[in-house]
Amino acid sequence: MTKTNDNRLTLAKDLVTALEQGKEASVDTLLTEIAGVQEGQLFQEVGKLTRQLHDTMTGFSVDSKITSMTEHDIPDAKERLQYVITMTEQAANQTLNVVEDVLPVSEQLNQKSQQLSEKWGRFLDKEMPFEEFKSMSAEITDYFQKSNGSLQQMQDGLNEILMAQGFQDITGQIIKRVIDLVQDLEISMVELVRISGRKGSESENINEPNLPGPVVPGVDDKEGDVAASQDDVDDLLSSLGF
Amino acid sequence: MDKNMKILVVDDFSTMRRIVKNLLRDLGFTNTVEADDGKTALPILEAGGIDFLVTDWNMPGMTGIDLLKAVRSNPNLVDLPVLMVTAEAKREQIVMAAQAGVNGYVIKPFTAATLKEKIEKVFERIDG
């Protein structure tokens, strides 16, 4: 600044001398030079602002938590939620398939038992000829045999519907994690707004969950450190002497 | 294997507890009690009378692995058979559970056949 001041003083003195001596050409040159000093200061200010902006931007991107969230957690969360859709869809389809399979079976059973019940009533009222009684007996025997299989099929179906409900636990755990992520993100955004006026925020450590939870195919099994199936678990345990 | 044995099912998701209970009933085990995390499970275990523990890992309050450790450090419960049924599938976790003294490990989602097989295996080893 002092140097610039000195420079300006010299320029001013030279300008006065030139004006007194009537040297028009020198006056013009000196005026241009004085204006140049002004411009130089302006450029310096712009330069400073640019540097500040640059530092702030760098400050943003080195905040490791935000970086990790945008680069890793958010796409990760998208895949996790996609998996939730897949799992709920599978469970719904599995349930609907069983219901569609079992409903006609139960309808048939119902129909047949109504028919037989009506015949049985006529037999009790002694309104049935012997020939028809013989055919009814055969029908009843047949009904017992078939109903065994049908009831077993219905029981298996109900068990399958039961198992299909397991999705709720898995998807619940996954959604809880995504909620946690959204919460973390919110906290980080608030923090970002708070520090954006200042420089030099200390970056936080990324805290890995100590319980990774359900394995989402394509997300959690990339590093090969998870058991992809019950067989993997069994192999690992048997290698440990189980 | 005594079909009348008393089984404690511990999971924070009630749907999963219902599934496990229904599967156990289907396998002939009708004597079941429930708890929603380690904290509520431990007093039930300490009160005595539980013959088999089926527990999840990731639960609020007290996790299944901490419950397992508490069980193994209690002289009255040290031999209680414990089956872990969990979505936690990291190799290091399975090793950790094995080291803590788990008797069987089933990862979710599982099938009725897997649960049956693992329960049978747990008691085969204990009875045999």
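Every number here is computed from the coordinates shown, using simple stated rules; none is lab data. Computed from a predicted model, the values in this text were never measured in an experiment. Because the Cβ atoms are built from the backbone with ideal geometry, glycine has one as well, and the counts that use them run over all protein chains shown.
Could you size up the charge dipole of chain A around its Cα centre, putting +1 on the beta carbon of Lys and Arg and -1 on that of Asp and Glu, and report it in debye to the nearest 20?
Values: 21 positive and 43 negative charges, 173 e Å.
Dipole of chain A, to the nearest 20 debye: 840 debye.
Angle of helix A:24-62 to the longest C-alpha principal axis of chain A, folded into 0 to 90 degrees and rounded to 10: 30°.
Once you divide the Cα radius of gyration of region B:66-128 by 2.2 N^0.38 Å, the number left is 1.13. When only alpha carbons are used to place a centre, region B:38-98 and region B:2-23 end up 14 Å from one another. For residue A:78, the aspartates and glutamates whose Cα falls under 20 Å of its own Cα, not counting residues fewer than eight places away in the same chain, are A:89, A:169, A:180, A:184, A:186, A:208, A:220, A:221, A:223. Positive-end ranking of A:105, A:50, A:83 along the dipole of chain A, with charges on Cβ about the Cα centre, is headed by A:50. Using the Karplus relation 6.51 cos²θ - 1.76 cosθ + 1.60 with θ = phi - 60°, the per-residue 3J(HN,Hα) values for region B:75-84 come to x, 6, 10, 4, 9, 4, x, 10, 10, 9 Hz, with x marking Gly and Pro.
In this model, which of A:176/B:21; A:222/B:6; B:6/B:69 are farther than 29 Å apart at the alpha-carbon? Please list the in-between numbers first.
Numbers: A:176/B:21 24 Å; A:222/B:6 40 Å; B:6/B:69 21 Å.
Pairs exceeding the cut-off: A:222/B:6.
Its residues counted as N, the protein assembly as shown yields a C-alpha radius of gyration over 2.2 N^0.38 Å of 1.82.
Shielding by partners for peptide B:117-127, expressed as the average number of C-beta atoms from other protein chains within 10 Å of each residue's C-beta, is 1.
Using just its DSSP H runs of length 4 or more, each adding -39500 (n - 2.57), the protein assembly as shown gives a mean residue ellipticity at 222 nm of -23000 deg cm²/dmol after division by all residues. Let me know the whole percent of all Cα-Cα pairs from chain B that are separated by more than 19 Å. Of all Cα-Cα distances in chain B, 42 percent exceed 19 Å. Close amide H partners of residue A:227, meaning residues 5 or more places away or on another chain with modelled amide H under 5 Å apart, are B:90, B:91. Taking amide H atoms as placed 1.01 Å from N in the peptide plane, the amide H of residue B:87 lies under 5 Å from those of B:57, B:58, B:108, each 5 or more residues away in sequence or on another chain. With θ taken as phi - 60° and the Karplus curve 6.51 cos²θ - 1.76 cosθ + 1.60 applied, the whole-hertz 3J(HN,Hα) list for region A:69-86 is 5, 6, 7, 10, 5, 5, x, 4, 4, 4, 5, 5, 5, 4, 5, 4, 4, 4 Hz, x standing for glycine and proline. The long axis of helix A:130-164 is offset from the longest Cα principal axis of chain A by roughly 20 degrees. Would you tally the net charge around residue B:59, using a Cβ to Cβ cut-off of less than 15 Å, leaving residue B:59 out, and scoring K and R as +1, D and E as -1? Summing Lys and Arg as +1 and Asp and Glu as -1 gives -3.
Seen against the Cα atoms of chain A and their longest principal axis, helix A:230-239 is set at about 80 degrees. Taking the square roots of 5 times each eigenvalue of the Cα gyration tensor of region A:103-193, largest first, gives ellipsoid semi-axes of 62, 12, 6 Å.
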